[in-house]
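Participant: My structure is below; once you've seen it, I'll send some questions.
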Amino acid sequence: MRERYLSRLFAAGVVSVLPYRDATSAQVVRAVVASYAGRAVIPELLVRWLVDEVRSAQSDLLVSQGPLTGGLTVREVEVLRRLADGCDTSRIAGELNYSERTIKKIIQDVMSRLKLRNRAHAVSYAMRVGAI
């Protein structure tokens with residue numbers, strides 16, 4: 001089996017993989033029982049490949065979206081830091097050279113994505129996760 005198909009298999013729900021040429025009936029039974037119990041039977045070489053795939057996917061996500069601690073982007077942290085300092089929307093917009101509408105949109109996006117109730121909740125979240 002080619003590596004390019006493995007991610008599709010795992011996405012489809014496969015949890016155990018046995019090399020065909022080395023598979024015995026006892027190993028198949030062991031893999032089925034382990035899979036049923038919530039465990040996986042995977043060759044070490046495949047585990048390493050999966051770890052590398054996850055690292056690569058995380059790296060790609062971080063580069064494309066730029067999240068920092070707590071899933072906040074650099075721009076969101078800048079806005080939340082100024083909110084924590086007591087700045088209002090117009091002052092934040094002036095300091096960051098954005099429109100007030102953009103600042104409101106950034107704050108609303110953070111609150112919606114992270115299911116936060118208000119601006120104070122957003123600031124306290126950023127402080128708890130160490131972003132500010």
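The values are calculated or read from the model by the stated rules, or taken from the named source; none is laboratory data. These numbers were taken from a predicted model, which means no experiment stands behind them. Cβ sites come from the backbone with ideal geometry, for glycine too, and all protein chains shown count toward neighbours.
Participant: Inspect all residues belonging to the range 44-65 and state whether any of them is outside any helix (DSSP H, G or I) and modelled with pLDDT under 95. Step through it out loud before you land on a result.
Facilitator: Narrowing the range 44-65 to residues outside any helix (DSSP H, G or I): none.
No; the residues of the range 44-65 include none that is outside any helix (DSSP H, G or I) and modelled with pLDDT under 95.
Each row is one residue, and each column tells you yes or no for (1) loosely packed, with under 12 Cβ neighbours inside 10 Å; (2) modelled with pLDDT under 95.
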residue: Arg91; (1), (2): no, no
residue: Asn97; (1), (2): yes, yes
residue: Glu100; (1), (2): no, yes
residue: Ile107; (1), (2): no, no
residue: Ser112; (1), (2): yes, yes
residue: Lys115; (1), (2): yes, yes
residue: Tyr125; (1), (2): no, yes
residue: Val129; (1), (2): no, yes
residue: Ile132; (1), (2): no, yes
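Participant: Which residues, counting only those in the range 1-43, are loosely packed, with under 11 Cβ neighbours inside 10 Å and not in a helix (DSSP H, G or I)?
Facilitator: Hits for the range 1-43 are Met1, Arg2, Ala12, Gly13, Thr24, Ala37, Gly38.
Participant: Which one of the conditions (1) farther than 15 Å from Val129 by Cβ; (2) basic (Lys, Arg); (3) free of Cβ contacts under 8 Å to residues at least 12 places away in the same chain does Lys115 fail to meet, given that it meets all the rest?
Facilitator: (1)
Participant: Check whether at least one residue in the range 92-115 is touching a Gly at 6+ places or on another chain (Cβ under 9 Å) and of a type in the set (Phe, Trp, Tyr), and report yes or no.
Facilitator: Scanning the range 92-115, I find no residue that is touching a Gly at 6+ places or on another chain (Cβ under 9 Å) and of a type in the set (Phe, Trp, Tyr), so the answer is no.
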